[in-house]
Amino acid sequence: MNEIDGDTETLGWELIGWEGDDIAAHVTPLDRAEILRIRDLFPDRDDDFLETAAYEVPSALYPAMRGAVPRLEFREGLEYQIGGFRLSD
């Protein structure tokens with residue numbers, strides 16, 4: 001991947017647990033330091049900071065993600081994605 005030199009001050013990230021019918025039932029904000037600790041768990045990502053798409057988080061990754069960011073919770077029955085977005089000015 002590219003060297004970390006991007007401006008991430010204008011980015012935010014969320015881990016979102018989706019419930020049927022596209023309801024965001026569990027949302028956890030993440031910061032840049034946390035993204036840096038988990039991004040390598042997504043080798044097929046298109047960017048260094050997981051900001052250009054929503055990435056599926058399969059249950060097999062839950063233990064590794066908790067190892068990198070211990071405060072993360074995953075609720076049974078939800079499908080999780082992680083992604084970034086531009087913060088409003």
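Pull up segment 69-89, narrow it to residues that are modelled with pLDDT of 95 or more and open to solvent by less than 20 Å² (accessible area, probe 1.4 Å), then point me to the one that is nearest to the chain's Cα centre (by Cα). Among those that are modelled with pLDDT of 95 or more and open to solvent by less than 20 Å² (accessible area, probe 1.4 Å), it is Ile82. For first residues located in segment 62-78 and in contact (Cβ under 8 Å) with a residue 60 or more places away in the chain, partners that are open to solvent by less than 30 Å² (accessible area, probe 1.4 Å) and lie 6+ apart or on another chain with Cβ distances below 6 Å form the pairs Leu78/Gly17; Leu78/His26.
Under the condition of being open to solvent by less than 40 Å² (accessible area, probe 1.4 Å) and either part of a helix (DSSP H, G or I) or in contact with an Asp or Glu (Cβ under 8 Å, 6 or more places away or on another chain) (or both), the residues counted in segment 26-52 number 7.
The values are calculated or read from the model by the stated rules, or taken from the named source; none is laboratory data. The model shown is predicted, which means the values in this text are computed figures rather than measured ones. Quick reminder, even Gly has a Cβ in these numbers, built from the backbone with ideal geometry, and neighbours come from all protein chains shown. Only protein heavy atoms, including side chains, enter the accessible area calculation; ligands, DNA and RNA are left aside. Shrake-Rupley method; radii C 1.70, N 1.55, O 1.52, S 1.80 Å.
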